[in-house]
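Worksheet: the structure to be examined is printed underneath.
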Amino acid sequence: MTVSGLNVCALASGSKGNAVFVSGGDSAVLVDAGLSGIELERRMAARGLSPEMLSAVVITHEHTDHIKGAGILSRRFDIPLYLNKKTMQAASSKLGTVHGARNFKCGVPFCIGDLKIDPFSISHDAADPSGFTLEHGGVKMGIATDLGVATHLVKTHLKGCSLLYIEANHDPDMLNNGPYPWYLKQRVKSRLGHLSNADAGELVNDICDNGLSHVILAHLSHENNTPECALQTFQERLNTPSVQVDVAMPHIPGTLVSL
């Protein structure tokens with residue numbers, strides 16, 4: 001698949017598993033692979049994609065819902081994994097043997113074929129969690145999920161993106177009144193937890209410019225959010241109504257967005 005800009009498809013999002021397909025030029029990657037290998041293949045096929053297209057799998061952090069199928073894909077299709085050293089150490093027992101593990105450092109851009117990838121540190125309860133911008137042909141997108149707070153560093157990296165794939169994890173009232181135990185509610189609300197719907201809207205308002213055309217709301221909590229609530233709250237706060245807003249779902253892949 002050769003394109004002048006970027007193609008983006010959310011294959012899965014949420015606590016049951018996360019994976020985002022991104023392609024540019026002759027290169028394609030998965031950012032995270034948190035479903036079984038068979039399910040990842042099935043969801044890719046549903047959008048006319050296949051693991052054979054992949055140049056790499058790039059890992060944000062070691063939690064199971066982000067790496068469940070990464071080792072399997074690496075072994076089955078000889079796909080290299082890109083992850084930082086602390087994440088590799090934390091994830092090694094879950095990944096098993098992998099094909100060509102390669103380490104990156106947050107703050108140091110690298111290329112995978114035609115894709116330029118710029119990793120940056122985010123605030124989450126993992127060993128060394130990362131967000132990414134991916135760029136090709138002058139078009140840039142940003143991925144920032146599983147973060148408890150949108151720091152100045154995060155905002156700086158996400159400026160200038162045509163598409164943002166960002167967390168809108170929970171509605172505070174649903175979280176406070178929901179089934180989670182107290183300690184878990186405190187974790188979700190902390191600086192090492194997850195962004196609320198309103199937080200996502202404020203983040204986009206802080207960095208939005210005329211180049212932003214798409215926002216995909218991701219990592220919605222099954223217990224403490226709904227797609228309708230996330231969309232409504234986010235759009236009520238969004239100062240740029242011309243931006244197209246979609247929600248990444250846990251059980252079905254999204255549409256393939258071309259930028």
So, in the range 129-167, how many residues would count as being of a type outside the set (Ser, Thr, Tyr), part of a loop (DSSP other than H, G, I, E, B) and over 23 Å from residue 86 (Cβ atoms)? 5
Residue 126 surrounded by 18 or more Cβ atoms within 10 Å (Cβ to Cβ), free of Cβ contacts under 8 Å to residues at least 40 places away in the same chain and out of contact with any Gly (no Cβ under 7 Å at 6 or more places or on another chain): no
Can you go through 143, 112, 166, 207 and tell me which one is more than 28 Å from residue 232 (Cβ to Cβ) and crowded, with 18+ Cβ neighbours inside 10 Å? 112
Going by what's in this entry, would residue 121 be described as at pLDDT 95 or above, closer than 25 Å to residue 214 by Cβ and of a type in the set (Gly, Ala, Ser)? yes
Quick one: residue 17 ticks every box in (1) in a strand (DSSP E or B); (2) touching a residue at least 40 places away in the same chain (Cβ under 8 Å); (3) of a type outside the set (Lys, Arg) bar one, so which box is it? (1)
Taking the range 24-48 and keeping only residues that are outside any loop (DSSP other than H, G, I, E, B) and closer than 27 Å to residue 122 by Cβ, one is left with 24, 27, 28, 29, 30, 31, 37, 39, 40, 43, 44
Has the range 176-190 got any residue that is touching a residue at least 12 places away in the same chain (Cβ under 8 Å) and touching a strand residue (DSSP E or B) at 6+ places or on another chain (Cβ under 7 Å)? yes
Give me the helices (runs of 4 or more DSSP H) completely within the range 49-115, filtered to those with at least 3 residues that are of a type in the set (D, E, K, R) and over 16 Å from the mean Cα position of the chain (by Cα), ordered by residue number. 85-95
For the range 210-259, which positions are surrounded by 15 or more Cβ atoms within 10 Å (Cβ to Cβ), charged (D, E, K, R) and part of a helix (DSSP H, G or I)? 237
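The values are calculated or read from the model by the stated rules, or taken from the named source; none is laboratory data. Bear in mind that the values here come from a model prediction, so they are computed numbers and not experimental data. Virtual Cβ from ideal backbone geometry, glycine too; neighbours counted across all protein chains shown.
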